[in-house]
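Worksheet for the structure shown next.
The values are calculated or read from the model by the stated rules, or taken from the named source; none is laboratory data. Not measured: the values here are computed from a predicted model. Neighbour counts run over all protein chains shown; Cβ positions are idealised from the backbone, glycine included. Quick note on the areas: whole protein, heavy atoms, side chains included, nothing else; ligands and nucleic acids left out. Shrake-Rupley method; radii C 1.70, N 1.55, O 1.52, S 1.80 Å.
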Amino acid sequence: MIYLDNSATTHPHDEVLESFQKVADQYFANPSSVHRFGSEAERLLDRSRKQAAQLLNVSPQEVVFTSGGTEGNNMAIKGVALQHQTRGKHLITTEIEHPSVMEAFKALETLGFEVTYINVDQNGKVNPEDIKQALRDDTILVSVMSVNNELGTIQPVQKIGELLKPYPKVFFHVDHVQGLGKIELSLNDWGIDLCTLSGHKIHGLKGTGALLMQKHVRIFPLLHGGNQEAEVRAGTENLPGTVAFVKALRLLHENREQKIDHLSGMRKMLWEGLMLRDFCRINSPEDGAPHIVNFSIPGYKPEVIIHALGEEGIFISTKSACSSKQPDVSAVLKACNLDYERTTSALRVSLSTSNRREEIDLFLKKLDQTVENLQATMG
């Protein structure tokens, strides 16, 4: 099997699975229980929070453990909007955000909030000046992803953060789910108030993640109940999942530079291979994140290509399940003003450090065979 769909999810590391199983077995007590068994679980939770904070260069009080990217994005966006709506109801985001961001903003629009969706260029990149122009006296939130999940486009998050620093009443949220471990990001230096992370994109487990929240930020909780997670996320903590998430974070930081070099080398090989093929049109920017390449094969439905490659044991993907009047159109590529043929035939290859160059070579050969077979069938 050649697995090239790592932006959808990654294979959990063995050490992550071992951590989860050990904690689920030996520390199954509720961390809120007052007996010794509960106190041991609470200490493990506190230790995990401190380790995560150290790895992410934030303070432990700024780490809120969540169930992943969707919850983190909803917590940040709806939480800020509902908490600070008396100060303003204007929100800003881009046209190519993940569905968990887009749908959160659309939901807030039904509650009377006004959202400005910033255009992007043909590479899917937002111009920070467009965000500055969109700011109003009643703006309370700007939300921009660090790396686009379909194209791999790296957004100018640092410039946006610096641009927003003179506006202390405007919160800045970054969806860093695709960027974690792939690109640099600094909460403190770049003026980021809230940052979403997910475990299953970094060889952790599904249902794990964190929302990093600067100490000055106050949000309206989506879940009410107990006082867990600094009273912003009620519910008994997922201790095994949390420990597994922190283990994945630690493994992510080991030999990080070598891992990035390995990813970048494979992406370059893939990019150059696709460029040589007349039937391909590459949609991703050349200077994108080191793990994603999006390309189109005009004239062929992406599902047909995906299923044919799947028969060969090679797994890639197409667009995210974004809402669109035309279900086959990638909303992200459409926002980049690419033509209909390209927006309806897009494919995504996403890499992990577990992949090897030989797999890229075999993928390219099988892609050639697949297209040849389809041409013969159609011809």
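How much net charge surrounds G265 when only the other residues with a Cβ under 12 Å from the Cβ of G265 are counted, with Lys and Arg +1 and Asp and Glu -1? Intermediate values should be presented prior to the final figure.
Numbers: positive: K259, R267, K268, R356, R357; negative: D261, E272.
That sum, taken over residues with Cβ under 12 Å, equals +3.
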Under 20 Å from the Cα of K78, which aspartates and glutamates turn up, not counting those fewer than eight places away in the same chain? E62, E95, E97, E103, E109, E114, D137, D138, D175, D193, E229, E231
Please report the carbon-and-sulfur percent of the accessible area for region 241-286; probe 1.4 Å, protein heavy atoms only, DNA, RNA and ligands left out. 47
Please say if the chain is rounded, prolate or oblate, where rounded means a/c under 1.5 for a ≥ b ≥ c the square roots of the C-alpha gyration tensor eigenvalues, and otherwise the choice is prolate for a/b larger than b/c and oblate otherwise? oblate
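Given the -39500 (n - 2.57) contribution per DSSP H run of 4+ residues, what per-residue ellipticity at 222 nm results for the chain, rounded to the nearest 500 deg cm²/dmol? Can you show the working numbers first?
Details: 14 runs with 159 residues, N = 379.
Theoretical 222 nm ellipticity from helices: -13000 deg cm²/dmol.
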Per residue solvent-accessible surface (Å²) - the chain, probe of 1.4 Å: 45
Could you pull out every one of the lysines with an alpha carbon less than 20 Å from that of K50, ignoring same-chain neighbours closer than 8 positions? K22, K215, K247
Report, to the nearest whole %, how much of the accessible area of region 1-139 belongs to carbon and sulfur atoms, 1.4 Å probe, protein only. 46
I'd like the trypsin sites (Lys or Arg not before Pro) in region 100-201 restricted to DSSP loop residues with at most 13 other Cβ atoms within 10 Å, sorted by number. R136, K169
Mean-position separation - Cα centroids, region 58-111 and region 239-306, in angstrom: 27
Starting from the amide H of I282, placed 1.01 Å from N in the peptide plane, find each other amide H under 5 Å away whose residue is 5 or more places distant or on another chain. S296
Other residues with Cβ under 10 Å from the Cβ of A8 give, with Lys and Arg +1 and Asp and Glu -1, a net charge of +1
Rounded to the nearest 10 Å², the accessible area of H35 using a 1.4 Å probe with every protein chain kept is 90
